[in-house]
Amino acid sequence: MAPRGFLTLGDVPVAQWPALWDRAAHLKQHRLATTLAGKSVALVFEKASTRTRVSFEVGVYELGGHAVVLSSQGSQIARGEPIEDTARVLSGYCHAIVLRTFGQERVAALARAASVPVINGLSDQHHPCQVATDLFTVREHFGRIEGLRYVWIGDGNNMANSWIEAAGMFGLDLVLACPEGFAPDALLVTAARSAQARLGRGSIALTTDPRAAAAGGDVLSTDVWASMGQEDDAARRRVAFVGYCVDGAMVARAAKGAIVLHCLPAHRGEEITGDVLDGPSSLAWIQAENRLHVGKAILEHVFSPSPRT
């Protein structure tokens, strides 16, 4: 039987998410546990990281385990060792692997070759740990995730894709405002809409008008316009994304009591203004802290038949 992993949000059944988030809330109040006692977790970074690295390294420690951090340049990956060989070797040393990488095919290949659970710390196509955290933050603030209008403003990137998957799984109402040529994965949109049809609730709308999208929104989310690996395209993207900055005027169009999320790092003055990021509507810093608590709950999940309560 293949080890339980977490490559996309759908790898945790919908019915298990409330218990996982309840466990994250418990771990937020009671930081130390022994659920990973005697276990080592490899944290492999092919992309630079602040929140993913620190949250998982601290999280493994606070659960009683030991984290082994590897970067591409500090390992044989930089010399071309196949990801499958890395998976086999690390499976002999460690009890789980977290990978932050480029294409989703790399994390999938690692998971196929590994004999231990694999967690997707980020890929170009999905960022499940972050959107799981964002939903936890919404639930913590509003007391629910249902019955809210979710708005994504910016690039149709890995964050947008994971939000689309979440909308399909939980029947959320999601609007994505992306410039022409920067829309999210169309196949994911189709699959999520089909999932919503089966649930009988939820909607996914695409637009190129960010201000119209923001109108009445309860949760406004954004991200940098050029993700890691797209730095050479940054100048073109700044032109294409004119009007997509989440500023005070855009927040004013949202619903009363709306919150603003940003997965960070932020480029103030580009995708979001400093007064919004640091203002009363922003939960970005709570959201960042919550990466630790949700990450710990995900670690427990991949080691357990079901989330702990």
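Quick note: the coordinates plus some simple rules give every number you see, no bench work behind them. Since we're looking at a predicted model, the values are computed, not measured. In this analysis, Cβ positions are derived from the backbone assuming ideal geometry, glycine residues included, and neighbour counts consider all displayed protein chains.
Worth a mention:
- Computed label-point distance, nm, for sites SER304 and LYS256 using a 7 Å Cα→Cβ extension: 4.0
- Local electrostatic count, ALA195, Cβ distance below 12 Å [Lys/Arg +1, Asp/Glu -1]: +2
- Farthest toward positive dipole pole in region 130-287 [+1 Lys/Arg, -1 Asp/Glu at C-beta], among CYS178, ILE164, GLN230: ILE164
- Cα long-axis angle, helix 104-113 against the chain (0 to 90 degrees, to the nearest 10): 20
- Nonlocal amide H pairs with LEU206, under 5 Å, H built at 1.01 Å: LEU176
- Residues in region 240-256 carry Karplus couplings, in order, of 5, 9, 4, x, 9, 6, 7, 10, x, 5, 5, 4, 5, 7, 6, 5, 4 Hz; the curve used is 6.51 cos²θ - 1.76 cosθ + 1.60 with θ = phi - 60°, and Gly or Pro positions show x.
- Potential extension, GLN76-ARG198 segment - 0.36 nm per residue separation minus Cα distance: 39.3 nm
- Relative to the longest principal axis of the Cα atoms of the chain, the long axis of helix 17-29 makes an angle of roughly 80 degrees.
- Between helix 158-170 and the chain: long-axis angle, C-alpha atoms, 0 to 90°, nearest 10: 90
- Counting every other Cβ atom within 10 Å of each residue's Cβ, SER55, SER91 order from fewest to most as SER91, SER55.
- Cut-off of 10 Å, at most 13 other beta carbons, DSSP loop: longest stretch of the chain lacking such GluC sites (Glu not before Pro): 1-145
- Computed about its Cα centre, the charge dipole of the chain is approximately 740 debye, with only Lys, Arg, Asp and Glu carrying charge at their Cβ.
- 13 Å beta-carbon shell around VAL131, net charge (K/R +1, D/E -1): -2
- Label assignment, Rg and Dmax of the Cα atoms in Å derived from the structure, set [x] 18.8, 54; [y] 25.2, 77; [z] 17.3, 51: [x]
- Computed FRET value (nearest 0.05) for ALA15 with HIS141, which takes r as the C-beta separation and R₀ as 22 Å: 0.45
- When only alpha carbons are used to place a centre, region 127-169 and region 36-59 end up 23 Å from one another.
- Karplus-derived HN-Hα couplings along region 208-224 (A = 6.51, B = -1.76, C = 1.60, θ = phi - 60°), whole Hz, x at Gly and Pro: 10, 10, x, 6, 5, 5, 5, 4, x, x, 8, 10, 9, 10, 8, 7, 4
- Computed from backbone phi, the HN-Hα couplings of region 267-278 come to 9, 4, x, 9, 7, 7, 8, x, 5, 6, 4, 9 Hz, rounded to whole numbers (Karplus: 6.51 cos²θ - 1.76 cosθ + 1.60, θ = phi - 60°; Gly and Pro given as x).
- Exposure proxy order (Cβ contacts within 10 Å, fewest to most) of THR34, THR86, THR208: THR34, THR208, THR86
- Dipole magnitude of region 130-287, debye to nearest 20 (Cβ charges: Lys/Arg +1, Asp/Glu -1, about Cα centre): 540
- Furthest towards positive pole of dipole, ASN290, VAL242, LEU187, structure part the chain, Cβ charges: ASN290
- DSSP-loop trypsin sites (Lys or Arg not before Pro) across region 234-309, with at most 13 other Cβ within 10 angstrom: LYS256
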